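Below you will find the structure I want to go over with you.
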Amino acid sequence: DPFENIPYQQGIMLGPFVDWVSWMSGRTAQIVDEGDYGGFTNTRWEDLLHTPYLTLNEARSMRNGEWWESWINGYLSTDPYWDGMEYQSPESWGRMTVPALNLTGWFDAAFPGTAYNYLGMKSHGATPEARRPSLIIGPWFHGLNDRVVAGIDYGPEAQIDLDGYITRWFDHFLKGIDNGVTDDPPVYVFVMGPNRWYAEEDWPLPQTVWTDLYLSGGGQANSSRGDGVLSWEPPATGNSDTYTYDPNDPTPSPYRDHGHIPGAVDASESALRDDVLVYQTQVLTEPLEVTGPIEATLYASTSARDTDWMVRLVDVGPDGSAMLLAEGIMRARHRDPDNEGRFNSTKLSEIEPDEVYRYTLGFWRVTGNVFDVGHKIRVEISSSYYPFYLRSLNSGRDNAGLATADEIVVATQRIFHGPNYPSKIVLLVIPVRDR
């Protein structure tokens, strides 16, 4: 779905796919030096600061940039440009008559489509075979079947005989060989930490305990040096935290020149900035597994007429390392006031400056991870993570004006928490396994 995954993610354009459009239009990622990618990837940080967005490819001396112009003008899924796209829907899944083997990794930028399709075909597939899909999720990157991702070695179990598994699957469904494929559990997930595979009966995992972690603190949660707290119980008193989002100085993402999320990268540098709110638990005294989809609810206001909200889940080690695991994002004016503030790709909602709204962010990248003894669970909030996401200029221009807007507005952002504004993250906690 182009508005739930790529090129937009809940109203926000992914920076790497601006490069991708350019490549598809005739340019490639040329090799400049041995092992060093050239082309637009090397200049992404500077290039994507250009406004108005409509003339970005012209500024890059790009030809045949019609795709980009259609994308940035087609800001809503109701735009006629997207009519030819086969969206993920009950109708499209209902035309599936064949079995499906869905493979992905925790760090694959295309992750959401895999899980959506598993659930969609299970519910709406046209035949019994189509309604019994399989799902495999490894600790992998976009290429699948990696052992080392972002410098982390997940051990020998991380790499499986993927060709053999796929061949066995095809042997049964194409050749009719009775090799036990249909007796296999439908879901296999690799959980990081213990670095083990687990066979499961469904996704999300049936044994999941949906667990709330509430934002709280003394009102100075700015940066990892602040006083933001994650608590298992709702806070008894209310408060708020404030930061300034300046599109001229966006919060940097650690994967600045990458086309996908390159793994559980160390996100500690950006968390030192005052435009990032940081909330974390006390040191864990028992291991805690979180495996499955994640959702965050924010009660927030902005002084601007539009802005972005970004929430990240981080595993903080005893040595201070901060491994980025998952994230959810939303452009403010895409909240659906009739659906608990969730994303809506068909319309824009008016956002009044300094009004408190509820935003429900479904994380597009989820995780399977054990937070070990001595670690902390951290949640980070910002309004940019550049250049992996294209900046909001905060101007509040409507659909027709987004592509041509060049006005940049510095915004004051406030996140509220407490009894009246229970901002939180919902984690899918898995009961203790035999490890």
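The values are calculated or read from the model by the stated rules, or taken from the named source; none is laboratory data. Keep in mind it's a predicted model, so treat the numbers as computed, not measured. Here the Cβ is made from the backbone with ideal geometry for all residues, glycine too, and neighbour counts use every protein chain on show. Only protein heavy atoms, including side chains, enter the accessible area calculation; ligands, DNA and RNA are left aside. Shrake-Rupley method; radii C 1.70, N 1.55, O 1.52, S 1.80 Å.
Check Met192: other-chain or 5+ apart residues with amide H under 5 Å from its amide H, H built from backbone geometry?
Gly368, Asn369, Val370
If you stretched the chain out fully between Arg414 and Trp67, how much longer would it get, using 0.36 nm times the residue separation minus the C-alpha to C-alpha distance?
Contour length minus the Cα-Cα distance gives 121.3 nm.
DSSP loop GluC sites (Glu not before Pro) in the stretch 118-223 with at most 10 other Cβ atoms within 10 Å of their Cβ, which ones?
Sparse-neighbourhood loop GluC sites (Glu not before Pro): Glu201.
Would you mind getting me the FRET efficiency between Gln282 and Val148? Use the beta-carbon distance for r and R0 = 30 Å, nearest 0.05.
For R0 = 30 Å, the calculated efficiency reads 0.45.
Determine the order of His417, His172 by accessible area, beginning with the largest, at a probe radius of 1.4 Å.
The most accessible residue leads, giving His172, His417.
Residues in the stretch 309-338, backbone N under 20 Å from the label point at Thr78 (7 Å along the Cα-to-beta-carbon vector): list them, ranges by number please.
331-338
Count charges around Leu324 for me, please; just the other residues with Cβ under 9 Å from its Cβ, Lys/Arg as +1, Asp/Glu as -1.
Overall, the nearby charge balance is -3.
Set the Förster distance to 41 Å, then compute FRET efficiency between Glu157 and Thr244 from the Cβ-Cβ distance, nearest 0.05. Display every interim value, and only then the final one.
Numbers: r = 45 Å, r/R0 = 1.11.
That pair, Glu157 with Thr244, gives E of 0.35.
First obtain the Kirkwood hydrodynamic radius of the stretch 252-396 from its Cα pairs, then insert it into the Stokes-Einstein equation at 25 °C and 0.890 mPa s, and state the resulting D in µm² per second as a whole number.
Calculated translational D: 153 µm²/s.
Starting from the residue with the highest accessible area, list Lys122, Lys175 in decreasing order, probe 1.4 Å. Walk me through the numbers on the way to the answer.
Details: Lys122 80, Lys175 150 Å².
Greatest to least solvent exposure: Lys175, Lys122.
Also: Need one number: nm distance between label points at Arg132 and Leu101, each 7 Å from Cα along Cα→Cβ, rounded to one decimal.
The answer from the label model is 1.6 nm.
Taking amide H positions as placed in the peptide plane 1.01 Å from N, state which residues far from Arg365 in sequence (5 or more) or on other chains have amide H under 5 Å from it.
Those qualifying (amide H under 5 Å, at least 5 residues apart or on another chain) are Glu327.
When the distances between all Cα atoms of the chain are binned every 10 Å from zero, what whole-number percent does each bin get?
Result returned by the calculation: 4, 20, 31, 27, 15, 3, 0.
What figure, in Å² to the nearest 10, do you get for the accessible area of Asp163 with a 1.4 Å probe and non-protein molecules left out?
Counting only protein heavy atoms, the figure is 120 Å².
With just the Cα atoms defining each centre, how far is the stretch 150-228 from the stretch 318-339? Give it in Å.
20 Å
Next question, about the same structure. Calculate the radius of gyration of the Cα atoms of the stretch 269-310 to one decimal place, then report Dmax, the largest Cα-Cα distance, as a whole number, both in Å.
Over the stretch 269-310's Cα set, Rg and Dmax evaluate to 14.8, 44 Å.
Could you size up the charge dipole of the chain around its Cα centre, putting +1 on the beta carbon of Lys and Arg and -1 on that of Asp and Glu, and report it in debye to the nearest 20?
That gives a dipole near 340 debye.
Could you tell me how far the Cα centroid of the stretch 51-113 sits from the Cα centroid of the stretch 1-17, in Å?
The two parts, judged by their Cα centres, are 7 Å apart.
Compute the distance in nm between two label points, each set 7 Å from the Cα along the Cα-to-Cβ direction, one at Asp183 and one at Asp227.
6.2 nm
Restricting to the chain, compute how many DSSP beta bridges are antiparallel as a %, nearest 5.
Details: 75 of 87 bridges.
Roughly 85 percent of the beta bridges in the chain run antiparallel, per DSSP.
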